[in-house]
Amino acid sequence: MSSWSVRSLRGLVALPAWCKAALLVAVDAVFLPLCMLASVTLRVGTLDEALHTALAGQVIFAWLAIPVLAAAGLYRSVVRYLDLRVLARCSASLAAVVLLVYMLAQAADLTMLPRSSMLIFWFITFAYVLISRFLARALLWGALQRHGRPLVRTIIYGAGAAGAQLAHSMQFSPEYRAVCFVDDEPALRGKKVAGLDVLPADALRGAADKLAIDLIVVAVPSAAPAVRRRIIELAEGTGLPVKTLPGLVDLVQGDVRVSDIREVALPDLLGREVVPPDAKLFSRNIRGKAVLVTGAGGSIGSELCRQIMSQRPAVLLLLDHSEFALYSIEQELRPQAQDVTLEAVLGSVLDEDLLLQLMRQHRVDTVYHAAAYKHVPLVEANVLRGITNNVFGSLAVARCAAAAGVTTCVLVSTDKAVRPTNIMGTTKRVAELIFQGAAAAPQSKTTFAMVRFGNVLGSSGSVVPLFKRQIQDGGPITITHPDIIRYFMLIPEAAQLVIQAGAMARGGEVFVLDMGEPVRIVDLARTLIRLSGLTERTKSHPDGDIAIEFVGLRPGEKLYEELLIGDGVTPSGHPRIMCAHERMLEPQVLDTLLAQLREASRAGDVTRAVEQLRLLVPEYQPQAAESAPPPGYSAGVGEGADEQVLQPVLAPPVVSALG
């Protein structure tokens, strides 16, 4: 095809929709009479006789088909995306018109046109519409693809319904070309699906090399998360970029399009089974009630607000001291708040007057206290501000909740509060002690509870966006230590479990969420490198693309996070939430130590403040950052270590504590 032809076809694509429809009508106005002439010729035997057989009637009858095709949607459809459903409607409409005209001609005994030629016209016209549209579609796609970037040669992993739909969509894609399928199902081996060969899973690596594949797309949206993770790990072992389709619930109407292809996200690699929230627990403290969320603009706080809004509270109060974060979540939720009183409050949890006013004015039923400084190195460098916000902010929330008669008050805590090695974790453990003490107060009508969990994916401090940015910049990826591991959870799941745990509270519980299996951060980095279609640069592989550098643990950083302080574990009634029995301080002792801590903080005495934290949390050991891992963990060390999934030291992995 010449460059001039390609430019002409591209010009057609760029025309307004009404121009393209008018052009198609004009073309059909020429060729449909020719179809009628061919029908009469086949009936009477010669072209000369057909030209002398009611020629004007032939043209009029042929033109009658144009409004029929228009009513069937032929001229509204985009030729490049024309499917068989439109053509089927056109066929049925033409058949109805031909049958009607045939019956009228029979009833009126009209003989100017052979009646059987009308039936022949239906077959010829349908063949013309079919061939002309598909030929036009092929020419248009060819013009767009031939002079664009090369098509991405793709293996589709999964030859089921989703994979077949995806392969069909790729036939019309200017970007992808489906080459073959790979599937685990033995019955499909050696078969063809959507015109493509189906290969077994063990042939994936060989096929990728032999067929010059550029990309692997995992198309198994109905598979369990663990199965998807296994397939993705197998695919990334080829060294090619890997993409995937979302789960069935995320696919629009169950249809699969090329536009549904997305990058593999870390949630795909976690392989966590989705546990839908218990409807009764999820709504118990929210539906029709007044709810306050502190730290509403943060990663966890904002997701709590989204989940709460889905349960239709009567009032939702958003409290945050960050103007931009508060504005962002308020603007996101405002369109959903038709029957919900939504109020964004700019302020600090240290302002007890503001807290008490909000709780009393709106008769708050439930408080989720998510406001805290959580970035370990920053809090380590700003000890007094961390103590003030995390400790005394929690104390203010607990006091005001009790004074205002709030029904339930839930503290969002962290696994870094367990045997902490940093100021942030220590202050969060003190916050837990405060809530335990508030729950034990004899006159309190408020149910206080704590929910402890590990890292959440996509939070403001997550390593995943950092690693991706470093890969885009050509590396190196910086990791603090080759043995560092972390628990991970998705933000929506964490928020749902926090809400459900709060609904189960009876007073003083420290609920611990099931974080699943811990992940070695270096293995996570290597996986992200391979999913990007790149290789790691090592001493044994100096020509690799991305290097990994170990830069040393940051101040207060732990190698291993834990979820429990004590050993007493009891089920909660939810498969991913349990309770653990842990120590608490006598109310008088707690009050005395907090008063001394406040005095040291106000005096600006960091050393004395840290000493007071040690009295409150004796297990605080800042020098333990590089201590040996707890029994039950195994990990390869350093460059080239065998990749493995660490086994959790806890069994079961989800727990909570009763004060």
**Message:** For the range 108-144: of the residues being modelled with pLDDT under 75 and hydroxyl-bearing (S, T, Y), which is surrounded by the fewest Cβ atoms within 10 Å (Cβ to Cβ)?
**Reply:** T111
**Complete:** The number of residues in the range 372-390 that are open to solvent by less than 70 Å² (accessible area, probe 1.4 Å) and farther than 23 Å from V510 by Cα is 5
**Request:** Return the pairs, sorted by first residue and then second, in which the second residue is assigned to a strand (DSSP E or B) and open to solvent by 10 Å² or more (accessible area, probe 1.4 Å), the first residue lies in the range 401-414 and is within 17 Å of V451 (Cα to Cα), the beta carbons are less than 6 Å apart, and the residues are 6+ apart or on different chains.
**Result:** T408/T447
**Asked** Has the range 435-445 got at least one residue that is buried (at least 24 other Cβ atoms within 10 Å of the Cβ) and under 33 Å from the mean Cα position of the chain (by Cα)?
**Response** no
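Within the range 532-553, can you find the residues that are surrounded by 15 or more Cβ atoms within 10 Å (Cβ to Cβ) and of a type outside the set (F, W, Y)?
Within the range 532-553, S532, G533, L534, T535, E536, R537, G544, D545, I546, A547, I548, L553 meet the criteria.
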**Message:** Residues that are over 23 Å from R530 (Cα atoms), at least 1 per element: which strands (runs of 3 or more DSSP E) completely within the range 174-225 meet that?
**Reply:** 196-200
**Request:** Please verify whether the range 558-579 includes one or more residues that are modelled with pLDDT of 80 or more and not in a strand (DSSP E or B).
**Result:** no
**Counted residues, the range 327-369 - those being closer than 25 Å to A505 by Cα and among the basic types (K, R)** = 2
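Taking the range 389-410 as the region of interest, how many residues are under 22 Å from T426 (Cβ atoms) and either small (G, A, S) or more than 35 Å from the chain's Cα centre (by Cα) (or both)? If you could, list the steps in order and put the result at the bottom.
Looking only at the range 389-410, we keep the residues that are under 22 Å from T426 (Cβ atoms), and these are 389-399, 409-410.
From the residues that got through so far, the ones that are either small (G, A, S) or more than 35 Å from the chain's Cα centre (by Cα) (or both) too are 392-396, 398-399.
Summing the residues that are under 22 Å from T426 (Cβ atoms) and either small (G, A, S) or more than 35 Å from the chain's Cα centre (by Cα) (or both) in the range 389-410 gives 7.
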**Item:** Criterion (modelled with pLDDT of 75 or more and small (G, A, S)) met by exactly one of G271, G247, G288
**Value:** G288
**Item:** Pairs with Cβ under 7 Å, 6+ apart, first in the range 583-598 and over 20 Å from E509 (Cα atoms), second open to solvent by 70 Å² or more (accessible area, probe 1.4 Å)
**Value:** L593/L615
**Message:** Need pairs with beta-carbon distance below 6 Å; first residue free of Cβ contacts under 8 Å to residues at least 60 places away in the same chain and closer than 17 Å to E611 by Cα and within the range 416-442, second of a type outside the set (D, E) and in a loop (DSSP other than H, G, I, E, B); sequence gap 6+ or separate chains.
**Reply:** K428/S413; K428/T414
**Complete:** Checked the range 308-349 for anything at pLDDT 95 or above, assigned to a loop (DSSP other than H, G, I, E, B) and within 24 Å of the chain's Cα centre (by Cα); matches are none
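Yes/no matrix, rows are residues, columns are (1) open to solvent by less than 80 Å² (accessible area, probe 1.4 Å); (2) among the aliphatic types (A, V, I, L, M); (3) over 30 Å from A223 (Cβ atoms):
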| site | (1), (2), (3) |
| --- | --- |
| A279 | yes, yes, no |
| V293 | yes, yes, yes |
| M309 | yes, yes, yes |
| A337 | yes, yes, yes |
| T341 | yes, no, yes |
| V367 | yes, yes, yes |
| A370 | yes, yes, yes |
**Message:** Can you name every one of the helices (runs of 4 or more DSSP H) wholly within the range 1-83 that holds 1 or more residues which are of a type in the set (A, V, I, L, M, F, W, C) and at pLDDT 75 or above?
**Reply:** 17-44, 47-51, 55-63, 65-71
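The values are calculated or read from the model by the stated rules, or taken from the named source; none is laboratory data. Computed from a predicted model, the values in this text were never measured in an experiment. Reconstructed Cβ throughout: ideal geometry from the backbone, glycine too, with neighbour counts over all protein chains shown. Protein only, heavy atoms only, side chains kept; ligands, DNA and RNA dropped before computing areas. Shrake-Rupley method; radii C 1.70, N 1.55, O 1.52, S 1.80 Å.
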